[in-house]
């Protein structure tokens, strides 16, 4: 078992945890958090792909690394957007839930994130 | 079993443990703290995967900026306790099985690598000398995949427009609702006076060293954004309203210069986003400096959130 | 000469690691938040200082060594101030907050 | 030499892990805030040890950013903890 495979398995497990949190956690903020965990697990798997393709005296293939850097920044932008949606939902309805059965949430401004 | 593999196993177990804590913690505040710790630990894992550029980005964005963004949201959501019920046990069990299956599938894919591992590293290294850069990742970002990098800046600006457009009509063009520190605390003021000058030096260093060694516009820009936020949180500088012209100018200056050089490449060089022979490095460094500024402003404003009040006369 | 440098590194890094151990023991043993904060900040910063000092002979060139020392100074300064902030939060909310 | 430095990095990692475990176990939020501090010193020590052990000087830059952002995150922790922000003032002036 080399370091690359080890962190690859770690990434796979993190994807599993993140998905579980995304499905079972009711609070939107916790869902966003879980989604970020899932994303970083995917990035870690990508890092393993890069590490494995090490050649020409480099520690890893620079192309996947550059893609992961781009992805981290884009994930941050998406997180900022999602949090702004949740906060607007709170502002409009006074609650922070996606539960459609809740009474009082009749406002049209329901986030579907 | 070498010392090295013991270190790696310990790190992986710690990361997984913090990941579980982030999902399972009862309080949202504790979960976000777990996430910040997770981001900082993950950057050590990236170092172990020989991806120092990614480690820098993860420490800056995964640890610092995302944590700050989420903590702001936690503080607001404390006021509104949603009456969410946790998923029932059968649902949780089914979800657990599903997620275990997904993770197992991924793990199988990782443990069975292709026979001939595809790599672009030799191609990158072959052509890197022409660009005058020493950092292969910067080479990929600014030479071979320059279009991706350009579009990513556009995505940042689009996301910012999306965040801004969530503001109610009455406060459009107003001041972002960044949560300030309640009492003017002299300790925080001192930190906000001490850290930003150091941070600006670090940002310039990151940007400059990015051409040769790990670093670059993303990392430098994130440091700038963090320092700007720190100064605003401490109340040393007021939060600018989003209709300020200088603010919008700074936001677009990086992408515009990048685009202009790209279009000039169609005339002076061979294609869109191609650099004229011999001028690649100075042009890339110029683009990186402009982008650092734009990324810093964009990330800072994304973290500050949509406008919430208008300038009082 | 190389051997002397290596012994210097081994001794100081070991001492630094022991300070990290002491910091963690303090974190486990001390009864309230303020004393734990004290253990964490003071002892760990000293541990980091010893590790950095021990690594100076291994650094690449004068600039590498300078960078190491300035990182330690940065951690030292920001750590001290941030500890003040957390201690302020402890005082404001009481030890159970 | 390299394996000694790796061993030291592993030892500091174990101490950080133990410290995190203790900190996150406690119920008080102020104890949780110390986590960033712990990573700020321990994580930096691990990274400078790794940089020396693998002879990769750029890793020191990661330590630099870790130190900077650990301090930044700690400020965010303290600021967003309940009761220490300007919520009332803000809602008064907000639309």
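A short reminder: the numbers here are calculations on the coordinates, not readings from a lab. If you're wondering where the values come from, they're calculated on a predicted model, not measured in any experiment. Counting neighbours? That spans all protein chains shown, and the Cβs are built from the backbone with ideal geometry, glycine included.
Brief remarks follow.
- Theoretical FRET efficiency, 1/(1+(r/R0)^6), r = Cβ-Cβ of residue C:30 and residue B:264, R0 60 Å, to 0.05: 0.40
- As a rough guide to protection, the peptides A:37-46, B:228-237 ranked by mean Cβ packing within 10 Å, highest first, stand as A:37-46, B:228-237.
- The ranking of D:11, C:8, B:258 by Cβ neighbour count inside 10 Å, starting from the fewest, reads C:8, D:11, B:258.
- Mean Cβ neighbour count within 10 Å, used as a protection proxy, ranking B:130-141, B:44-55, A:17-28 highest first: B:44-55, B:130-141, A:17-28
- Whether region B:121-272 is rounded, prolate or oblate, judged on the alpha carbon gyration tensor where a/c under 1.5 counts as rounded: oblate
- In terms of its C-alpha gyration tensor, the protein assembly as shown comes out rounded, because the ratio a/c of the largest to the smallest axis stays below 1.5.
- With eigenvalues of the C-alpha gyration tensor scaled by 5 and rooted, region D:2-82, Å: 27, 16, 4
- C-alpha center-to-center spacing [region A:18-94, region B:23-85] in angstrom: 11
- Ellipticity estimate at 222 nm from DSSP helix runs (n ≥ 4, -39,500 (n - 2.57)) divided over chain B, nearest 500: -22500 deg cm²/dmol
- Between region D:1-80 and region B:278-309, the Cα center-to-center distance that results, in Å: 29
- Neighbouring partner chain Cβ atoms per residue of B:23-33, average, 10 Å criterion: 6
- For the peptide B:231-242, the mean number of other protein chain Cβ atoms found within 10 angstrom of a residue's Cβ is 1.
- Of B:29, C:63, the sequence from fewest to most neighbouring Cβ atoms within 10 angstrom is C:63, B:29.
- Region B:113-163 and region C:1-70 have their alpha-carbon centroids 38 Å apart.
- Chain B shape via C-alpha gyration tensor axes, a/c threshold 1.5: oblate
- Ranking of B:126, B:288, B:115, B:27 by count of other Cβ atoms within 10 Å, fewest first: B:115, B:126, B:27, B:288
- Within 10 Å of each Cβ in B:201-210, the average number of Cβ atoms from other chains: 2
- Angle of helix C:61-93 to the longest C-alpha principal axis of chain C, folded into 0 to 90 degrees and rounded to 10: 10°.
- With the highest mean first, a sort of the peptides B:62-68, B:3-9, D:49-55 on other beta-carbon atoms found within 10 angstrom per residue produces B:62-68, D:49-55, B:3-9.
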